[in-house]
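Here's the structure, in structure tokens; my notes come after.
Every number here is computed from the coordinates shown, using simple stated rules; none is lab data. Predicted model, so just to flag it, every value in this text is computed and none were measured. Heads up, the Cβs are rebuilt from the backbone with ideal geometry, glycines too, and the neighbour counts pull from every protein chain shown.
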Amino acid sequence: MISQAEQKRRLKALEKRHEEYDPEERLVKRYMGGAYSYNHYARNMDVHPTRESLGYAVALLDTYDDSFLDRAQDVLRRIIDIQEDDPNHQHYGVWPHLMEEPLGKGPYVDRNWADFLGKDMLHVMIFHKDRLPAELADEVEASLRRAVEAIRIRNVGAGYTNIAVMGSYVTLVAGETLRDDEILERGLDRLQILHEHTQETGTFTEYNSPTYTMVALRDLSGFRHHVKHPKGKQMVDDLFRIAWETVAHHFHVPSRQWVGPNSRYYAVFTGEDVLRFIERWTSAKVDFGYGEAPGEPDLEDMAAQCPADLEDFFVALDQPRTLVQTVQKRSPISLISTTYVTPELGLGTVNHQDLWNQRRNIVAFWGNYKAPSYCRVRLMYDGYDLSTGALWTVQDKNRVLGAVTFATDGGGKHLSLEKLENGTFEAEELSLRFEFGGAAASVELPSPGSLDQPVHIDFGDLSVGIQVPFARFDNSDLRWETGRADVERVGEGSFLDVTIHRGDSRVFVLPEIQEAVVVFGLQVGGDNMIAPATATQQGDLVAAQWGDLSFAVPIRPNTYRAMREHVTGIRKS
């Protein structure tokens, strides 16, 4: 049970969610707009999402208000009905995203839903089994066992960080809760594989992701709270420490932003939920002014206290610091992140990466937490990120020398679910974008007459300089253009584009294009002066130099692997 005050907070937090309940379907109902999503086909219609529906049932139970028991039980039964329960089915134990798109009827089957919804079923078994009718408790246990089996069948790799953590958590703690030694040992094995993989680099393969580091941190906090096995406890503690280090070491105190680069993120600015979590699980010296959090039952189901030696990273930033991490070891070039923070700014880059929408490969923050600003670099086609772009960077403090090339084996809007056939796509717009948001979006951006001219932008408390010493794309007339556009989860932003094409729809066949590369220099902060960078063609490569920063990258589109084998000057290990 919980205190009366906590129950009141939880009931208050649920008030708006009641409005979404559809008693006919016994599920949560939400309107799905027309925006692109690779997770479902549904557009401009009401839908019934499974994860949110089960989460609602769990939240009802977590109020410990018996007047909600019937509704919670109705949702549980409906969600259990939707789960695939045929052991001969290839997706046994998995749920679809939407009731309207059963398994096999959506764009793809998201097997992560066995982990996410399995975790909620585990929560019901731990905290509410005795409040349910015996037959329903048995159904919940059976559903949990199916989810655990789906996790076993899939056997996700340790590099898929948040799902590797969640699958280990659900399996091991389910084994303990159900007193099933076979499941428990399987959970320990999964956890050990993840632990060994992570200890090798000292960080997560799904590196520095504000979204999924927080998913992992929350799950590890619940894991610590529940797991009883001594060996399991120690491994979870080690991973928990790495998660908090990731948050702390990338935190920019003046702007309260989580500095990149980020393997995956759906926003740009750090969300209030992250700041509240940090404040909730640190001592009184970390004070963001939020005070008592709204009723969040999972906060009571955690052992999430930040290690004391990391708290100062959230309190003050007096001196510049640079963090360089090998986040994924691979041949011929490892993935290496660089993060530079000073009292004035935070700037992060990754040495090479695709340009998928969820990447934050180059991102800078500055300003104070009341009015922060950002700049990031994107490759855009028809208002969305083109995944098949390949980014190469070298960074020294507040300067980045970068290049964008094009892969013939990449994706369109999604890097793997929407692979380009024969490296071909069609677009009315293709541009390399320097995007500015937050307070910076209010500043009018200059538009030089030619790419030969560097750009200087004064944001009052900080200046940004951009130059493009080399840019070619299939004889196109590349040029500077400025504009404004809505940015997801940010609002309106401004942009300075190196425009490759804007006009009538054009078909781009990358394997047939001889030249496709843009080299740029980005300087954030400094004395408002930007030293010139140079770039020259040397055979099949373009060699670029900016002071002590230099590299050479392929001019012609090729496979990702072929490009990695031919670049020089990019940090490789």
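Tabulated data
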read-out: Under 5 Å, built H, 5+ apart or other chain: amide partners of Gln257; value: His252
read-out: Förster radius 22 Å - calculated FRET efficiency between Tyr108 and Glu426, Cβ distance, rounded to 0.05; value: 0.45
read-out: Rel. contact order, % - alpha carbon contacts under 8 angstrom, at least six apart, region 1-127; value: 23 percent
read-out: Of the trypsin sites (Lys or Arg not before Pro) in region 32-78, those whose Cβ has at most 15 other Cβ within 10 Å and which sit in DSSP loop; value: Arg43
read-out: Per-residue ³J(HN,Hα) for region 177-191, Karplus 6.51 cos²θ - 1.76 cosθ + 1.60, θ = phi - 60°, Hz, x for Gly and Pro; value: 5, 8, 6, 10, 5, 5, 5, 4, 5, 4, x, 4, 4, 4, 5
read-out: Between helix 230-249 and the chain: long-axis angle, C-alpha atoms, 0 to 90°, nearest 10; value: 40 degrees
read-out: Estimated FRET transfer efficiency when R0 is 45 angstrom, pair Gln514-Ala5 (beta carbons, to 0.05); value: 0.05
read-out: Crossing angle, helix 210-226 versus the chain [Cα axis fit, 0-90 degrees, rounded to tens]; value: 30 degrees
read-out: Between region 351-403 and region 234-262, the Cα center-to-center distance that results, in Å; value: 20 Å
read-out: Amide hydrogen neighbours beyond the local backbone of Arg26, cut-off 5 Å, H modeled; value: none
read-out: In Hz, Karplus ³J(HN,Hα) per residue of region 411-425 (6.51, -1.76, 1.60; θ = phi - 60°; x = Gly, Pro); value: x, x, 6, 10, 5, 10, 7, 10, 4, 6, 7, 6, x, 10, 8
read-out: Inter-label distance, nm, simple model (7 Å from Cα along the C-beta direction), Ser67/Val507; value: 6.4 nm
read-out: Loop sites in region 418-497: trypsin sites (Lys or Arg not before Pro), DSSP, at most 12 other Cβ within 10 Å; value: Arg489
read-out: Descending principal axes extents, region 435-504, alpha-carbon based, whole Å; value: 37, 27, 15
read-out: Ratio Rg/Rh [Cα only; Rh per Kirkwood] for region 1-160; value: 0.98
read-out: Listed pairs Lys105/Lys413; Lys285/Lys370; Lys12/Lys370 exceeding 25 Å between Cα atoms; value: Lys12/Lys370
read-out: Two-site label geometry, Asn44 and Glu20: point separation in nm, points 7 Å out along Cα→Cβ; value: 2.3 nm
read-out: Whole-number percent relative contact order across the chain, with pairs defined as alpha carbons under 8 Å at least 6 apart; value: 9 percent
read-out: Model label zone, Lys231; criterion: amide N under 16 Å from point 7 Å along Cα-to-beta-carbon; scope region 190-217; value: 190-197
read-out: Under 26 Å from the Cα of Lys233 - lysines, other chains or at least 8 residues apart; value: Lys119, Lys129
read-out: Cα Rg, Dmax, the chain, angstrom units; value: 24.9, 75
read-out: Potential extension, Met529-His197 segment - 0.36 nm per residue separation minus Cα distance; value: 115.1 nm
read-out: For region 306-311, Karplus couplings with θ = phi - 60° (6.51, -1.76, 1.60), whole Hz, Gly/Pro x; value: 4, x, 4, 6, 9, 5
read-out: Footprinting exposure proxy for Phe434, Phe68 (fewest neighbouring C-beta atoms within 10 Å first); value: Phe68, Phe434
read-out: Principal-axis tilt of helix 69-82 within the chain, Cα atoms, nearest 10 degrees; value: 60 degrees
read-out: Inter-site label distance for Gln358 and Asp86 at 7 Å from Cα along Cβ, in nm; value: 2.9 nm
read-out: Residues of region 179-212 with amide N under 19 Å of the 7 Å Cα→Cβ point at Asp238; value: 185-207
read-out: Additional length obtainable on full extension of the chain from Arg484 to Ile126, 0.36 nm per residue less Cα span; value: 123.9 nm
read-out: Of Leu122, Val487, Ala142, farthest towards positive along the dipole that unit charges on Lys, Arg, Asp, Glu beta carbons give the chain; value: Val487
